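K.L.:
Structure below; questions to follow.
Every number here is computed from the coordinates shown, using simple stated rules; none is lab data. Note that the structure is predicted; figures quoted are calculated from it, not measured. We place every Cβ from the backbone using ideal geometry, glycine too, and count neighbours over all the protein chains shown.
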Ligand SMILES: Cc1cc2nc3c(=O)[nH]c(=O)nc-3n(C[C@H](O)[C@H](O)[C@H](O)COP(=O)(O)O)c2cc1C
């Protein structure tokens with residue numbers, strides 16, 4: 001099983017990273033895991049140039065390897081803190097770069113835009129003592145997942161990091177999510 005992690009936090013040891021680790025620790029031994037670190041790679045933003053409306057290419061070539069991994073993946077793990085009720089800018093840029101699959105599906109009539117079906121898990125972390133932030137991210141991601149031929153199997157929305165809400169119950173949920181991929 002090819003698993004692609006799309007990691008949106010600048011912190012390597014924050015709640016997002018810890019929740020991801022709990023999931024990865026519970027993945028089966030046959031999982032082959034690739035990581036895309038949004039802060040490390042800082043994808044260029046989509047410029048709506050519309051080249052993808054007519055051809056199977058993005059005119060920006062900074063994440064060609066990512067597209068390849070995305071298309072070949074069996075499972076996707078999206079991990080993100082909540083920034084202003086949205087994804088942090090580098091992860092938002094990556095998601096916007098998936099516009100080429102919208103163009104494939106609706107402009108070039110490629111159905112499905114990505115042949116290989118996928119399962120997906122979304123992990124979020126936010127400071128406020130409210131589920132709302134994670135739910136906003138889930139809402140934003142769902143239409144994109146449809147384009148990616150991916151089915152959201154499980155969400156883990158950790159909230160309350162500003163007041164150090166204990167992570168343990170959420171770690172357990174993240175660990176259990178491995179079984180849904
Ligand atoms: C620029 C910025 C914007 C943020 N916006 C929100 C927000 O809208 N809602 C919220 O609950 N937390 C917000 N936070 C807090 C983070 O979501 C929170 O600290 C989270 O636990 C960070 O997780 P991480 O350390 O795993 O990256 C924001 C933090 C930053 C730096």
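K.L.:
Applying the selection to the stretch 140-161, what residues are within 22 Å of residue 117 (Cβ to Cβ), part of a helix (DSSP H, G or I) and over 12 Å from the mean Cα position of the chain (by Cα)?
P.N.:
143, 146, 147
K.L.:
Still on this structure, please answer the following. Do you know which residues across the stretch 44-68 are closer than 12 Å to residue 6 by Cβ and surrounded by fewer than 18 Cβ atoms within 10 Å (Cβ to Cβ)?
P.N.:
none
K.L.:
Look at residue 115 and say whether it is in a loop (DSSP other than H, G, I, E, B) and touching a residue at least 12 places away in the same chain (Cβ under 8 Å).
P.N.:
Working: in a loop (DSSP other than H, G, I, E, B): yes; touching a residue at least 12 places away in the same chain (Cβ under 8 Å): yes.
Answer is yes for this residue.
K.L.:
Determine which member of the set 41, 97 is within 15 Å of the chain's Cα centre (by Cα), in contact (Cβ under 8 Å) with a residue 24 or more places away in the chain and surrounded by 19 or more Cβ atoms within 10 Å (Cβ to Cβ).
P.N.:
Of 41, 97, the one residue that is within 15 Å of the chain's Cα centre (by Cα), in contact (Cβ under 8 Å) with a residue 24 or more places away in the chain and surrounded by 19 or more Cβ atoms within 10 Å (Cβ to Cβ) is 97.
K.L.:
Then there's this: What is the residue count in the stretch 22-69 for residues that are in contact with a strand residue (DSSP E or B) (Cβ under 6 Å, 6 or more places away or on another chain) and part of a helix (DSSP H, G or I)?
P.N.:
2
K.L.:
Quick one: would you say residue 178 is away from the ligand (no atom under 16 Å from the Cβ) and either in contact with a helix residue (DSSP H, G or I) (Cβ under 6 Å, 6 or more places away or on another chain) or outside any helix (DSSP H, G or I) (or both)?
P.N.:
Yes.
K.L.:
Which pairs turn up if I take residues in the stretch 131-156 that are under 20 Å from residue 172 (Cβ atoms) and look for partners that are part of a loop (DSSP other than H, G, I, E, B) and within 16 Å of the ligand (Cβ to nearest atom) with beta carbon separation below 8 Å, at least 6 apart in sequence or on another chain?
P.N.:
Cβ pairs passing all conditions: 134/82.
K.L.:
Have a look at 108, 165 and point out the one that is surrounded by 14 or more Cβ atoms within 10 Å (Cβ to Cβ), away from the ligand (no atom under 16 Å from the Cβ) and assigned to a loop (DSSP other than H, G, I, E, B).
P.N.:
From the options 108, 165, the qualifying one is 108.
K.L.:
Give me the pairs: first residue in the stretch 159-173 and closer than 25 Å to residue 84 by Cβ, second residue in a helix (DSSP H, G or I) and within 13 Å of the ligand (Cβ to nearest atom), beta-carbon distance under 7 Å, and six or more apart or on different chains, which are they?
P.N.:
Pairs found: 159/133; 159/134; 161/15; 167/15; 167/18; 170/19.
K.L.:
Another one. Cβ-Cβ below 7 Å, separation at least six or inter-chain, first residue in the stretch 58-87 and without any contact (Cβ under 8 Å) to a residue 24 or more places away in the chain, second within 16 Å of the ligand (Cβ to nearest atom) and assigned to a loop (DSSP other than H, G, I, E, B): which pairs?
P.N.:
none
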